[in-house]
Amino acid sequence: MPTIRTDDGVNLYYEEAGSGTALLFVHEFAGDWRSWEPQMRYFSRRYRCISYSARGYLPSDVPADWNDYSQARVRDDMLSVLDALSIDRAHIVGLSMGAFATLHFGMVHGVQAQASRARSLTLAGVGSGAHPAHYQAFQTSAIENAELIDNEGMPHFASTYGHGAARVQFLAKDPRGFAEYERQLAEHSALGSSNTMRGYQGRRPSLYALTDAIAAINVPTLIMSGDEDEPCLEPSLMLKRTIKTSQLAILPGSGHGINLEEPGLFNQLLAEFLAQVEQGKSFERQAQAAPESIWGPGGDPR
């Protein structure tokens with residue numbers, strides 16, 4: 001079983017396919033390495049694609065202490081994957097929790113002056129709980145979800161949390177695909193999922209407190225959101241305004257897990273973006289196209 005070992009001794013399971021420029025996929029809370037199968041099959045025709053299970057997600061190791069799960073730790077695990085596979089620079093694609101990790105990776109390793117490890121960043125379904133109006137409630141709900149997992153187990157959690165307001169779109173469009181997603185979520189380690197909720201989701205900083213660091217990112221960045229993924233719409237707009245080398249795509253009639261819900265459109269948008277990056281397109285927004293917004297990155301009118 002292929003694994004890499006992080007600098008704190010955790011083994012992470014990974015799979016790779018294809019050859020060429022590296023493309024690293026980072027999964028969401030409700031997913032694992034399997035969540036990227038539609039992308040692994042499509043992009044491995046032209047790229048060296050890597051998908052892995054984060055710490056706490058089988059068959060990767062499941063550290064018993066929830067303090068071993070944090071925003072910085074998950075970010076650094078991404079670097080461990082690249083280093084172990086001798087990848088100097090890669091396109092990084094993250095969804096939801098994985099998009100938060102990708103963004104934080106970009107804040108450290110996505111600035112050209114600091115020898116960027118990222119060729120590009122893709123932030124899909126990013127921002128749940130990030131807005132100041134929702135931040136405290138999200139942290140509280142993360143602890144409540146951890147307790148729900150502890151008390152009721154993953155099958156119950158998958159049948160409740162897994163059917164949230166931004167998931168029902170997937171169920172309506174593709175019941176077969178949704179059933180696979182729900183089945184895989186129910187198979188997750190209860191300890192790993194609970195620890196991820198407590199250590200990572202429940203402690204991650206608000207993006208609105210990090211806008212200066214986010215603004216320093218200057219590698220090409222694609223932001224994607226479903227138009228019915230309410231918790232991510234405002235943060236996606238904030239990121240578009242803050243990252244000067246970013247593009248924003250809103251998928252119509254779509255919820256949260258857009259790489260599975262709309263794999264064809266997701267792949268099309270990502271493929272076009274990656275092709276432009278590979279061709280050296282400048283993503284710097286023209287000054288005349290960027291008038292001062294009445295909404296600052298902090299979410300409040302100026």
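Consider LEU24 carefully, then state whether it is outside any loop (DSSP other than H, G, I, E, B) and either aliphatic (A, V, I, L, M) or in contact with a Cys (Cβ under 6 Å, 6 or more places away or on another chain) (or both).
yes
When you check SER254 against the structure, is it assigned to a loop (DSSP other than H, G, I, E, B), hydroxyl-bearing (Ser, Thr, Tyr), at pLDDT 95 or above and at negative phi, yes or no?
Answer is yes for this residue.
Consider region 125-162. How many of its residues are within 19 Å of the chain's Cα centre (by Cα) and either among the hydrophobic types (A, V, I, L, M, F, W, C) or over 23 Å from SER254 (Cβ atoms) (or both)?
6
Among (1) within 26 Å of LEU121 (Cβ to Cβ); (2) at pLDDT 95 or above; (3) out of contact with any strand residue (DSSP E or B) (no Cβ under 8 Å at 6 or more places or on another chain); (4) buried (at least 21 other Cβ atoms within 10 Å of the Cβ), there is one condition LEU210 misses while meeting the rest; what is its number?
In the conditions (1) within 26 Å of LEU121 (Cβ to Cβ); (2) at pLDDT 95 or above; (3) out of contact with any strand residue (DSSP E or B) (no Cβ under 8 Å at 6 or more places or on another chain); (4) buried (at least 21 other Cβ atoms within 10 Å of the Cβ), LEU210 misses (4) alone.
Determine if region 204-220 includes at least one residue that is of a type in the set (D, E, K, R), touching a helix residue (DSSP H, G or I) at 6+ places or on another chain (Cβ under 7 Å) and under 25 Å from VAL93 (Cβ atoms).
yes
Determine whether ASP32 is surrounded by 20 or more Cβ atoms within 10 Å (Cβ to Cβ) and of a type in the set (Asp, Glu).
Against the criterion (surrounded by 20 or more Cβ atoms within 10 Å (Cβ to Cβ) and of a type in the set (Asp, Glu)), ASP32 qualifies.
Can TYR161 be described as under 23 Å from ALA72 (Cβ atoms), in contact (Cβ under 8 Å) with a residue 60 or more places away in the chain and either part of a helix (DSSP H, G or I) or touching a Phe, Trp or Tyr at 6+ places or on another chain (Cβ under 8 Å) (or both)?
When the stated conditions are applied, TYR161 does not pass them.
Of the residues in region 165-186, how many are aliphatic (A, V, I, L, M), in a helix (DSSP H, G or I) and buried (at least 17 other Cβ atoms within 10 Å of the Cβ)?
Of the residues in that region, 2 qualify.
Exactly one condition in (1) modelled with pLDDT of 95 or more; (2) part of a helix (DSSP H, G or I); (3) within 18 Å of the chain's Cα centre (by Cα) is not met by ILE223; state its number.
ILE223 satisfies every listed condition except (2).
On the basis of being modelled with pLDDT of 95 or more, buried (at least 22 other Cβ atoms within 10 Å of the Cβ), of a type outside the set (A, V, I, L, M, F, W, C) and closer than 22 Å to ARG167 by Cβ, does SER189 make the cut?
no
May I ask you to verify whether ALA118 is touching a strand residue (DSSP E or B) at 6+ places or on another chain (Cβ under 8 Å) and small (Gly, Ala, Ser)?
Yes.
Of the residues in region 106-146, how many are surrounded by 19 or more Cβ atoms within 10 Å (Cβ to Cβ) and within 22 Å of ALA158 (Cβ to Cβ)?
7
The values are calculated or read from the model by the stated rules, or taken from the named source; none is laboratory data. Since this is a predicted model, take the numbers as computed values, not measurements. Here Cβ is always computed from backbone atoms with ideal geometry, including for glycine, and neighbour counts include all displayed protein chains.
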